[in-house]
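The values are calculated or read from the model by the stated rules, or taken from the named source; none is laboratory data. Not measured: the values here are computed from a predicted model. Please note: Cβ atoms are built from the backbone with ideal geometry, for glycine as well, and neighbour counts cover all protein chains shown. Protein only, heavy atoms only, side chains kept; ligands, DNA and RNA dropped before computing areas. Shrake-Rupley method; radii C 1.70, N 1.55, O 1.52, S 1.80 Å.
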Amino acid sequence: MHRPLSKPVSMSSSRGFTLIEILVVIVILGILAAAIVPNIMDKPEEARIAKAKNDIAALESALNTYKLDNYSYPSTEQGLEALVSRPAGQPEPRNWNEGGYLTKKKLPVDPWGNPYRYLSPGARGTIDIYSLGPDGVPSEDDIGNWQ
């Protein structure tokens, strides 16, 4: 018995994209980019402020854990450094956690490259944790745990 030979696969059956289709996709992507990119690019300062608020909340949480262990917050002089290394001075941290209180074992800096500030007792609450914000000077745009 003879079997019929199969037809050879022609190149025309494996069709690719045409130049017109590729150009249409590029134009659509260009239109989307023109509409979306300016909105995203206008938001970097808002993103920095959000990061500062998240850092401050994390520092406040670590300070609350410190207080649970040691019965008081570190003094202003002991500062936020008390979260990463055992502080000297008063109040003495009787039950300081040997691993520290921050997961990264170092203090974060604010999004503008400055250290976060700490006061205990605070001027606006029991403790104040804050960033001086984009201008780097004390003013109404400071970002703190009182907000």
Among residues belonging to region 76-96 that are closer than 15 Å to TYR118 by Cα and of a type in the set (Asp, Glu), point out the one that is nearest to the chain's Cα centre (by Cα).
GLU81
Is there a residue being open to solvent by 60 Å² or more (accessible area, probe 1.4 Å), touching a residue at least 40 places away in the same chain (Cβ under 8 Å) and not basic (Lys, Arg) anywhere in region 130-143?
yes
Lone qualifier among LEU80, LEU59 - being among the aliphatic types (A, V, I, L, M), in contact (Cβ under 8 Å) with a residue 60 or more places away in the chain, within 27 Å of VAL137 (Cβ to Cβ) and open to solvent by less than 30 Å² (accessible area, probe 1.4 Å)
LEU59
Cβ-Cβ under 6 Å pairs, at least 6 apart or on other chains, region 18-30 side free of Cβ contacts under 8 Å to residues at least 24 places away in the same chain, far side open to solvent by less than 90 Å² (accessible area, probe 1.4 Å) and in a loop (DSSP other than H, G, I, E, B):
none
Could you give me the residue pairs with C-beta distances under 7 Å whose first residue belongs to region 101-127 and is on the phi > 0 side of the Ramachandran plot, whose second residue is β-branched (Val, Ile, Thr) wherever it lies, and which are 6+ apart or on separate chains?
LYS105/VAL84
